[in-house]
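Below is one structure, written out as structure tokens; the observations come after it.
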Amino acid sequence: QVQLVESGGALVQAGGSLILSCAASRSILTISAMDWHRQAPGKQRELVASISRRGITNYADSVKGRFTISRDSAKNMVFLQMNSLKPEDTAVYYCHAVMSPSTGYWGQGTQVTVSS
């Protein structure tokens, strides 16, 4: 089991930047992958970025070149650096720990609002 706590969400103007943080209650190197997902009002939750235990990263096409996922294994933290933010990036962002193909844990979410 793992508890996740996100932080860093805020109101920001279009073109601005934010860094989201996710603190895990156990070593993230024991977790298969750490993901960031987001859910906008009236839309399904979608995968934004992921980083595997080996450090391999993947991104949704909509954020490639603008968002960067990273981690600090010593502090059991995962980050999402978001640049060139757009109004369509407005959503609740969730940290997710993939323990196995059938088991994962979610944080409580952090709100990101991008004004035009």
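The values are calculated or read from the model by the stated rules, or taken from the named source; none is laboratory data. Every value quoted in this text rests on a predicted model; they were computed, and no experiment measured them. Virtual Cβ from ideal backbone geometry, glycine too; neighbours counted across all protein chains shown. The accessibility values were calculated without ligands, DNA or RNA, using every heavy atom of the protein model including side chains. Shrake-Rupley method; radii C 1.70, N 1.55, O 1.52, S 1.80 Å.
Considering each of GLN81, GLN44, GLN1 in turn, give the residue that is touching a residue at least 24 places away in the same chain (Cβ under 8 Å) and assigned to a loop (DSSP other than H, G, I, E, B).
Details: GLN81 fails: assigned to a loop (DSSP other than H, G, I, E, B); GLN44 fails: touching a residue at least 24 places away in the same chain (Cβ under 8 Å).
Exactly one residue qualifies, and that residue is GLN1.
Which residues, taken from region 28-49, are open to solvent by less than 30 Å² (accessible area, probe 1.4 Å) and within 11 Å of the chain's Cα centre (by Cα)?
Of region 28-49, the ones open to solvent by less than 30 Å² (accessible area, probe 1.4 Å) are 28, 31, 33-38, 40, 48-49.
If the condition is that a residue be open to solvent by less than 30 Å² (accessible area, probe 1.4 Å) and within 11 Å of the chain's Cα centre (by Cα), then MET34, ASP35, TRP36, HIS37, ARG38, VAL48, ALA49 are the ones that fit.
Residues being in contact with a Gly (Cβ under 7 Å, 6 or more places away or on another chain) and open to solvent by 60 Å² or more (accessible area, probe 1.4 Å): count how many of those fall in region 11-22. Don't jump to the end; show me each part of the working.
Step one: list which residues in region 11-22 are in contact with a Gly (Cβ under 7 Å, 6 or more places away or on another chain), which gives 18-22.
When the remaining residues are screened for being open to solvent by 60 Å² or more (accessible area, probe 1.4 Å), the result is 19.
Going through region 11-22 one residue at a time, the tally reaches 1.
Somewhere in region 74-93, is a residue open to solvent by less than 80 Å² (accessible area, probe 1.4 Å), among the polar types (S, T, N, Q), closer than 15 Å to ASP35 by Cα and touching a strand residue (DSSP E or B) at 6+ places or on another chain (Cβ under 6 Å)?
Yes, region 74-93 has at least one match.
Among (1) open to solvent by less than 60 Å² (accessible area, probe 1.4 Å); (2) closer than 17 Å to VAL2 by Cβ, where does PHE67 come up short?
Checking PHE67 against (1) open to solvent by less than 60 Å² (accessible area, probe 1.4 Å); (2) closer than 17 Å to VAL2 by Cβ, the one that fails is (2).
In the set SER100, SER25, SER52, which member is open to solvent by less than 50 Å² (accessible area, probe 1.4 Å), among the polar types (S, T, N, Q) and without any contact (Cβ under 8 Å) to a residue 60 or more places away in the chain?
Working: SER100 fails: without any contact (Cβ under 8 Å) to a residue 60 or more places away in the chain; SER25 fails: open to solvent by less than 50 Å² (accessible area, probe 1.4 Å).
Criteria check complete, one pass: SER52.
Spot the failing condition for ASN58; the list is (1) open to solvent by 50 Å² or more (accessible area, probe 1.4 Å); (2) not in a strand (DSSP E or B), and only one is missed.
(2)
Which numbered condition trips up THR113, out of (1) of a type outside the set (Asp, Glu); (2) free of Cβ contacts under 8 Å to residues at least 60 places away in the same chain; (3) open to solvent by 30 Å² or more (accessible area, probe 1.4 Å); (4) within 16 Å of LEU20 (Cα to Cα)?
(2)
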